[in-house]
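Remarks on the structure that follows.
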Amino acid sequence: MSTRIFCIGQNYVAHVQELGNELNSEPLIFMKPTACLLPVGEPIPFPHHGRELHQEAELVIQIGREGHVASAEEAPSFISGLSLGLDMTLRDVQTKLRQKGHPWELSKSFEGSAPIGEFVPFTAAFDLTDLHYTCHINGELRQQGHTALMIFPIATLIATLGQVWRLRPGDLIYTGTPAGVGPVHTGDVITVASEGIGGFSWVVGE
Ligand code: ZN
């Protein structure tokens, strides 16, 4: 049972550059309500208050322990599961909100904006700094993520969040997207996959 969805923005240099943004000296954090979660097999509802819907393929961390996080060294002990998900974003709406300095909810926190795969248990077999994942749209490779290229590594993200919030079992962290985001359309099939985690697909609905 998820309690909160933390999301990290602009965590890969090439993605920050493709959107024309400046690098941040601290993680960019926002949240989505858990009502945004969309399991595998359900179509992604196309939100009609914007026009340019982008996929953002992301590695997702599931928290299994309660408490504050003292350090990045301690962070992995808070992880219970790993999965892949999509931070669906209305880019045209986000651009307008950003220009006004307004919050991002209209562009990122609509219903169905957080497609989520199934979780595999986190074990010592996973190296958090060496996880690869891909995103294909209609079979064409669009995004390749490698956690070694994250500006703020997973352990740092958990420690940063866990100093502000008392983490709880079921909390999720969408860890940011690599380059290659772009518009998707009704009928497109978005597939995210990683060795050791699995592959998950969603169709963009109407
Ligand atoms: Zn994102």
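Between segment 109-133 and segment 1-77, the alpha-carbon centres lie 10 Å apart.
Diffusion coefficient (Stokes-Einstein, Kirkwood radius over C-alpha pairs, 10 °C, 1.306 mPa s) for segment 1-117: 102 µm²/s, rounded to a whole number.
Rounded to the nearest 10 degrees, the inclination of helix 91-100 to the longest alpha-carbon principal axis of the chain is 70 degrees.
In this structure, the amide hydrogen of Ser80, modeled 1.01 Å from its nitrogen in the peptide plane, lies closer than 5 angstrom to those of Gln62, Ile63, Gly64, counting only residues at least 5 positions away or on a different chain.
Using only Cα atoms, what is the ratio of the radius of gyration of the chain to 2.2 N^0.38 Å?
0.94
Looking at the chain, the DSSP beta bridges with both ends there are about 85 percent antiparallel. With K and R counted +1 and D and E -1, the other residues having a Cβ less than 11 Å from that of Thr177 yield a net charge of -3.
Each residue of segment 129-141 was assigned a 3J(HN,Hα) from its phi angle through the Karplus curve 6.51 cos²θ - 1.76 cosθ + 1.60 (θ = phi - 60°); the sequence is 9, 9, 9, 10, 8, 10, 9, 10, 10, 6, x, 9, 5 Hz, with glycine and proline shown as x. Here the Karplus relation 6.51 cos²θ - 1.76 cosθ + 1.60, evaluated at θ = phi - 60°, turns the backbone of segment 195-202 into coupling constants of 4, x, 10, x, x, 9, 10, 9 Hz, with x for every Gly and Pro.
For the chain, the longest principal axis of the C-alpha atoms and the axis of helix 154-164 are separated by about 80°.
Read the figures in this text as sums done on the coordinates, not as results from a lab. Being a predicted model, the structure only gives us computed values, none of them experimental. Every residue, glycine as well, gets a Cβ built from its backbone with ideal geometry; the counts of neighbours run over all protein chains shown.
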